[in-house]
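The block underneath contains the structure these notes are about, expressed in structure tokens.
The values are calculated or read from the model by the stated rules, or taken from the named source; none is laboratory data. All values reported here derive from a predicted model rather than from experimental measurement. Note: ideal-geometry Cβ built from the backbone for every residue, glycine included; neighbour counts use all protein chains shown.
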Amino acid sequence: MTKNKKKSLFSGSRWQLYVLLAPFLTFFTLMIVLPVISSMVLSLFNFDMVSMPRFAGLDNYIRMFLHDDIFPTVFKNTILLAILTGPTGFLLSFVLAWFINEFGRGARTLFSFMFYAPSLAGHAVYIWQILFASDSYGYINSFLLSLGITTEPTAWLSNSKYIVPIVVVVQLWSSLGISFLSNLSGLQNINAELYEAGAIDGIRNRWQELWYITLPGMKHMLLFSAVMQIASAFSISNIITQLAGYPTVGHTADTIVSYLIDVGTVKYEMGYASALSVVLFLLMVITRWATNKLINKTGR
Amino acid sequence: MKPLRKLFHLPRVNEAKRYTRSKVGNFFYFLFLFAAGFFSLLPMLYCVVTSFKPLDELLVFPPTLFTVKRPTIANYTALPDLISSLSVPLSRYVFNSIFIAVAGTVLCVVFAAMAAFVLSKTDIKFKAVIFTVIQFALLFNAYTLAIPQYIIYSTLGAINTYFVYLLPALASPMGVFLMKQYMDGYVPDALIEAAHIDGADWFRIFKSIILPIIKPCILTLTLFTFLSLWNVTSTGTIFSEQLKTLPTVMSTIATGGIARTGSAMAVSVIMMIPPVVVYLISQGSIKETMGSAGIKG
């Protein structure tokens, strides 16, 4: 068969590509791209959701970096929580999937069910709330009291010493979502012949196999999981608000997202909330770029 | 024409033999996973156990976590009474939730697979730009998008219709990103070229080659989308009671103070059943499809 023939076949059904791409692209543009652009534009306005937006130039950004007392704290907290939960969450969702993949179908389904259970159960945060409840009815308090380790209940969730570690644990524990599942499905699709060939070529144990075969084979899935982790690690807010409310004592655990939700929902400053989310977005874009550099180095 | 799957000898391999494993290692992995997995399972266990507790045990001091002395189904039998006061029959909410979850999941997964295929395996114009935008869109905080989205809904006349539930799912960039990564990693280009030479058009390649290979990914995305749509509620975009979903009703039942704790847990246990069923079906049927093994055929 000649090259020309092949080329004409390719071009003959080319319109089909646009048909395949169109549905998603239409909805995506309408529901995501347009709102993102308008949110970026809105960050240059003052908008209280009642009167018309007033153009403010860079005022919102100047206010954020120079005049806002809360912003430096939530900025610092966001980065701290992202560093504490992002890389660990990323590793956890890969390592657990990799461990699980060592077993046959039955054990694999059982284990992945156990690890995905917090996502399925929905009430994930609620149980932590009652574990750490501040009165003596809280499980941890009643446990410590009955053992005589403490003499009065500790207010875990309103104590600035404990709130950040608790948030980190809860976030990690509930972070085995889509990246865990996608790692699992990726691992199951690595060509088994590569493993056989590897064994013949002298790979001795599972750790060598991991480095020379599995990781390179998982590169695309790892990038996906990294981006999802960045998105969730920088946006922790629900967990904090559900556990400790907003604001936490002295804003010790408040993040940019919990702050911007407060600014938008309670103070009706949508322009300023948009500016905060643009800054958060830039923060994530930079992290994403750095992560990409790192991932391109695996398996080399 | 023979099915392309047969034509390219795509094998269905169930379990590949592993040569680099030790029995002892496997044993410790098993122990570790079981311990960690059990810890993960606790909240689900807690919901189930609590839903069978009688009222006095719910209030007992010191509180009991995972034990129930006199299990009762009273929390479940109380539900019909709590529900009978609703202005719209429960079946309507059930229908809404199932319809939204099923229709939204099917459309989301199909559209995502179609778009990802074009972005991963063809040389269409601007594909790099489109894909970059999709990835960055994932990083933009959803909260600030709510107002522009509301304006778009009202322009389209979508307020107070099923569309406010469905549109965000159809537009979700995550599914396309996941599928594109999967196709980049596990669908060999050679397979597609070969199919072209044999005269298959793009639709046929998508249907007969891509879809079978990416099945694990389809199942994963199905589970994830179903789960998020099953729990979807609406704030400010749905006004008529007829169009509300189950989680809305369930939260009204749950807000009845401490006396309703048991029933609230019974409700969460019932709400958990469909996701668990979808989970078991989807993850249980993932098999190795081994797309790359097909090239040498």
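Go through the residues of segment A:175-192 one by one and say whether even a single one is farther than 24 Å from residue B:40 by Cβ, without any contact (Cβ under 8 Å) to a residue 24 or more places away in the chain and either within 10 Å of chain B (Cβ to nearest Cβ) or not in a helix (DSSP H, G or I) (or both).
Looking through segment A:175-192, at least one residue is farther than 24 Å from residue B:40 by Cβ, without any contact (Cβ under 8 Å) to a residue 24 or more places away in the chain and either within 10 Å of chain B (Cβ to nearest Cβ) or not in a helix (DSSP H, G or I) (or both).
Please go through segment B:105-147 and give me each residue that is within 8 Å of another protein chain (Cβ to nearest Cβ), outside any helix (DSSP H, G or I) and farther than 30 Å from residue A:272 by Cα, ordered by number.
B:122, B:124
For segment B:170-197, what are the residues that are more than 22 Å from residue A:176 (Cα to Cα), facing another protein chain (nearest Cβ under 9 Å) and not in a helix (DSSP H, G or I)?
none
With modelled with pLDDT under 80 and more than 24 Å from residue A:84 (Cα to Cα) as the only criterion, which of A:264, A:250, A:299, A:271 stands out?
Of the residues listed, the single one that is modelled with pLDDT under 80 and more than 24 Å from residue A:84 (Cα to Cα) is A:299.
For segment B:83-98, state whether one or more residues are assigned to a helix (DSSP H, G or I), under 30 Å from residue A:18 (Cβ atoms) and either away from chain A (no Cβ under 14 Å) or free of Cβ contacts under 8 Å to residues at least 24 places away in the same chain (or both).
no
Determine whether residue A:143 is part of a helix (DSSP H, G or I) and either over 28 Å from the mean Cα position of the chain (by Cα) or charged (D, E, K, R) (or both).
Judged against the criteria, residue A:143 is a match.
Could you say whether any residue in segment B:175-195 is among the small types (Gly, Ala, Ser), touching a residue at least 12 places away in the same chain (Cβ under 8 Å) and under 29 Å from residue B:140 (Cα atoms)?
Scanning segment B:175-195 turns up at least one residue that is among the small types (Gly, Ala, Ser), touching a residue at least 12 places away in the same chain (Cβ under 8 Å) and under 29 Å from residue B:140 (Cα atoms).
Residues checked against (1) over 30 Å from residue A:214 (Cα atoms); (2) more than 13 Å from chain B (Cβ to nearest Cβ); (3) within 30 Å of the chain's Cα centre (by Cα):
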residue: A:14; (1), (2), (3): yes, no, no
residue: A:36; (1), (2), (3): yes, no, yes
residue: A:39; (1), (2), (3): yes, no, yes
residue: A:87; (1), (2), (3): no, yes, yes
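So that you can scan it fast, the table gives a plain yes or no per residue for (1) more than 28 Å from residue A:159 (Cβ to Cβ); (2) in contact with a Ser or Thr (Cβ under 8 Å, 6 or more places away or on another chain); (3) of a type in the set (Ser, Thr, Tyr); (4) outside any loop (DSSP other than H, G, I, E, B):
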residue	(1), (2), (3), (4)
A:250	no, yes, no, yes
A:254	no, yes, no, no
A:257	no, yes, no, yes
A:271	yes, yes, no, yes
A:277	yes, yes, yes, yes
A:284	yes, no, no, yes
A:288	yes, no, no, yes
A:291	yes, no, yes, yes
A:294	yes, no, no, yes
